1. List, largest first, the extents of the alpha carbons of region A:238-307 along their principal axes, each in whole Å.
2. Dipole magnitude of the protein assembly as shown about its Cα centre, charges +1 at Lys/Arg Cβ and -1 at Asp/Glu Cβ only, in debye to the nearest 20?
3. Could you tell me the distance between the Cα centroids of region A:364-382 and region B:50-120, to the nearest Å?
4. So how do B:131-144, B:30-43 stack up, highest first, on mean other-Cβ count within 10 Å?
5. Determine the sum of side-chain charges near A:Trp392: Lys and Arg each +1, Asp and Glu each -1, restricted to other residues whose C-beta is under 10 angstrom from that of A:Trp392.
6. So if we plug the beta-carbon distance of A:Glu42 and A:Gln265 into 1/(1 + (r/R0)^6) with R0 = 56 Å, what FRET efficiency do we get, rounded to 0.05?
7. Subtracting the Cα-Cα distance from 0.36 nm times the residue separation, let me have the gained length for A:Phe329 to A:Arg406 in nm, one decimal.
8. Starting at the first residue of region B:109-119, write each ³J(HN,Hα) from the Karplus equation 6.51 cos²θ - 1.76 cosθ + 1.60 with θ = phi - 60°, in whole Hz, x for Gly and Pro.
Amino acid sequence: MTLPTFDLFVWSIKKLRTCTLLAFCFFVSLHQPAYAENSIVEGWEFSGFGTLGYAQSDKYDDIILKRNINQRSQKIEDNGWLVDSRLGLQVRKEIHNNWDIVGQIVIQEKVDNSVENSIEMAFLRYQPNDAWSFRLGRMVLDTFQLSDSRDVGYSYHWVRPPTEFYGWIPFSHYDGFKTTYQLGDFDSSLRFEAFVGQTKATVNIGYNDGGTSFNKVKASPVYGGGITWEKDDLTLRAYISQFNMSEEIAAINELKAFTNNPAIQMYWPEAAQIADDYSFDGAKILYSALGFSWTPKAWVVQGEVSRVDPSNFGTYEGPRAYLQIGHRFGKILPHITYSRSWDNRDYPYDPAPPTPTPTLPEGTFEALEAILVDNRLSGVVNQYTISVGLRWDIASQKALKLQCDRTTLYDDSLGIYPTPMPVPRDWQKDTRTWCSTTFDWVF
Amino acid sequence: MMKYIRILLIFSLLLLSMVSWADNKPLDSESIQIIVNAQSELTQLNRKQIMSLFLGRSTRFPNGKSTKAFDNKIGSALRDNFFEWLTRKSISDIDAYWARLRYSGRVYPPKVIDNLDDILETVRQNQSAIAYIRQQDPEQLAEQGITVVHTLRKR
């Protein structure tokens, strides 16, 4: 029996994690005799980063501020200091001239805070020369300009990267293979990157805690590539990647179980079709992004535009953009940011037929339709935010930040910030303001 | 209103707790020399080349030989002045730049060496080394097999 090429490709990707572990063990065992006179623990570089923060996550009764959809909504609502606080620890060891291994664990609030899911990096790298680099293992996703360092608060000026742009991204790392080719001189450099692997995450879209509100999302394979050009104070970056969703999420499974009821299929067959359109399993999501950073003298100007194109209905879709301008005055850096996400999709299906009573209880179709319509809102991010912030570098590698975000959420924009409203949620355009503060450091 | 008071209170407490960490070091008026091993066959480097080598953008000297940069103690006046004079940016921006590269696993910053004697010894022993020091007598450095390839001064 021969496997279709794509299946073989997927199978290869799934084997990558095992390969990584084996490769890691192999190189550690190789390393032992080479440094027999030293301890195995010698030569490791330990470093880390941290953020201690507080955000007004529970300021409003009808909507909650979240950093990203991986956080538990009610936990965040009750504990404003959990929104941005986190601690990262990193180790690295040069095994040989051209080989090194890097590991990183980040402790932060999220639905799945298991040790395995908290490991953001665990890879082996081979750099045969200045141009080429090959990595195998777990790596942070760098689909967007800041996505590979969004946990490292000290590395940017915001309290958190723009939520419209970064808050909805479920994945932070992947297990796989990455290669980089870099060329250039002292004047400018050009870097090409390509990766392939698999990834998973657990998200809490909506307000409820547990059950089908906690959804595991898996993508295999994921692949993509990008190009980065750097010259003096200017960096330009383009990236494109595709995520092939490989498992159904709990909420859609529950929906399908209901719409597949024979009585419902007999009188309203379109309901099952709508549930199928929402399906994640087998969906392909294309992310494309263009970003820039320009830091002439004391100025900081950076921005990014992106598009999300899914093949299924009801998940995140559409363009996003942000622009930040700041100026450093000694140890103080005030900045202002505008970020926007567009999503003007309507619910494209016909209204439900009347419930056939007494075959089905009165109101069955109306209730099911309300759920089907409401499900769409979990993928809508149609909003903009104007952020004003201040970074104060109070000491070496330590910064205090204060930021206020004024967000206008258009109708139905409940894709990131959840509401305790019961289904059917009816969010009408409104504006909210949240302030946050953090202390960021690296060590 | 209580929420605003709470956020201001936490911000103030953080500030107070950090006061002791604030460094009030005056800017050095001395020059800073960039040094390499004499056997690297280099006689001088320009500012752009030094910037590339110390910001992890290049790992080769202009003559094609492999190089490895060494840094001074984090938080020292010498390090702050070196990067600020070299890049004309705040040391905080440089540290933020390195935080991004290091913690995304992309590039590691130059290895830190805490004192002058160890820096000089490292450059003496290592043909690919490049480092920076407070101003010394170039002739005495030359006697030790060390070449000054650039001198940075406060602008």
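1. 69, 19, 18
2. 1500 debye
3. Going from one Cα centre to the other spans 54 Å.
4. The most tightly packed comes first, giving B:30-43, B:131-144.
5. It works out to a net charge of +3.
6. 0.25
7. The A:Phe329-A:Arg406 span can extend by a further 25.3 nm.
8. Once θ is set to phi - 60°, the couplings for region B:109-119 become x, x, 5, 8, 10, 7, 9, 4, 4, 5, 5 Hz.
The values are calculated or read from the model by the stated rules, or taken from the named source; none is laboratory data. Since the model is a prediction, treat every value here as computed from it, not as a measurement. Methodologically, a virtual Cβ is constructed for each residue, glycine included, from the backbone with ideal geometry; neighbour enumeration extends over all protein chains shown. For accessibility, only protein heavy atoms count, side chains too; no ligands or nucleic acids. Shrake-Rupley method; radii C 1.70, N 1.55, O 1.52, S 1.80 Å.
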